1. Regarding the chain, what are the three Cα extents along the principal axes, ordered largest first, in Å?
2. Between S342 and D298, what is 0.36 nm times their sequence separation minus the Cα-Cα distance? Round to one decimal in nm.
3. Using the Kirkwood formula over every pair of different C-alpha atoms, what hydrodynamic radius in Å results for region 1-56?
4. Angle check, please: helix 217-230 long axis (alpha carbons) against the longest principal axis of the chain (alpha carbons), in degrees 0 to 90, nearest 10.
5. Compute the acute angle (0 to 90°) between the alpha-carbon long axis of helix 110-121 and the principal axis of greatest extent of the alpha-carbon atoms of the chain; round to the nearest 10°.
6. Choose one answer from Q36, Q193, Q52: the residue with the largest mean-square fluctuation in a GNM of the chain with alpha-carbon springs under 10 Å.
7. Count the net charge of all other residues whose Cβ sits under 14 Å from the Cβ of F338, scoring Lys and Arg as +1 and Asp and Glu as -1.
8. Pick from A62, A16, A228: which residue has the top mean-square fluctuation in a GNM of the chain where Cα pairs under 10 Å get a spring?
Amino acid sequence: MILVVFGTTGELVKLAPVLLRFDERAHPYVLATTGQQVQQIPSFLDQLGLRQPDVWLARGAAGRDLRVNSDIPGWLARVTRSWLVERRRLRRTLRDGPGLPLVLVHGDTMTTVLGSVIGRSLRATVAHIEGGLRSYDLRHPFPEELNRKLATSLSRIHYAPGAWAASNLRGGEVVDTGSNTIRDSLELVSDEQPSVAVPDVLFGIVSLHCFELLNNRKLLSETIAVLAEMACSTPLLFIDHPVTIAALERLDLTRHFDERVFRRIPRLRFFDFVRVERRSAFVVTDSGGSQEECYYLDLPCLVHRVKTERREGLGENAVLSGMSSDVLRDFLKDPSRFRRASSLSPASPSDVIVADLERRGFASEPGIT
């Protein structure tokens, strides 16, 4: 029996193709969430064709997504209390179910670490999807780099999304999946009209939500000012992540936006966001996940971070800004210069993961009970 622990929509999107393969092959699993991004989890699951969580360990901060650092202690306390209530039942479920007990986690969030700790406390094998990514700087990005190192130390099986990530891992059992599961997730999205109005001229998308940027008043202010300046030549759609809007309101930066060239739009579900991405000319983001999406979509991408743990697209379609406003401004002058040059791995990473779990006895192979 497999316990899958997730807390954010980013984790869920990348886990989805693996979970869909579990469903197709009748592999039972328990779906547990910490509700780190509680508001969109139900609708994301519905859109992805997955069932609702079997276990809610918490529901964000008073029913909304975590937005500020002060939300974290109360959320952690709720997750801990719920886990203490649920642990005996989950231990029994994993022990009595088919296959060997496994806890599956993903990525680099606080939930990744919590899920890994849960797995160890259940005395189950912990498998980490997207293992081996490293910036080799605990400060950039923080806390993601720390979360990755902790998840690695707690996991026994590491599913690395490529040879470089695999080479960063020592100990445990390392499986190179060839590419990232987001590639399989993108293939789930049909090419329909976006759910929001998009400009009928060349436009870009801005998606910024990492604390590395949001907690730095000077950098965030400079970034928004440059984006507002450059939007006069190419319109920009700015995604309203709750944590981002909280920071912009705190620093009085919402005044830079308008309804014409630098427009805020609601945070979108995965399918809806990808449909907008496919119609855009470029993306500005501080998200490693969006960097990966742009690589597989062959879309010019400015990664607005000091360092990135991802290698997808760097030197091809992706530019790392180092948080420099000058680099950001130069990218926005002509994003079309940047395109993917390398070919993609032929294998489906989700197929690789599921086949490996079957081989190890954590999921019965089709037709075997």
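1. The Cα atoms of the chain stretch 61, 45, 39 Å along the principal axes, largest first.
2. Values: separation 44, 0.36 × 44 = 15.84 nm, distance 1.02 nm.
Extending this stretch completely gives an extra 14.8 nm.
3. Details: mean 1/r = 0.0897 Å⁻¹.
Roughly 11.1 Å, rounded to one decimal.
4. The helix 217-230 is inclined about 60 degrees to the chain.
5. 10
6. Of Q36, Q193, Q52, the Gaussian network model singles out Q193 as fluctuating most.
7. With Lys, Arg at +1 and Asp, Glu at -1, the neighbours total -1.
8. Top of the fluctuation ranking is A62.
Values quoted throughout were computed directly from the atomic coordinates according to the rules given, and no laboratory measurement underlies them. This is a predicted model, so every value here is computed, not measured. Because the Cβ atoms are built from the backbone with ideal geometry, glycine has one as well, and the counts that use them run over all protein chains shown.
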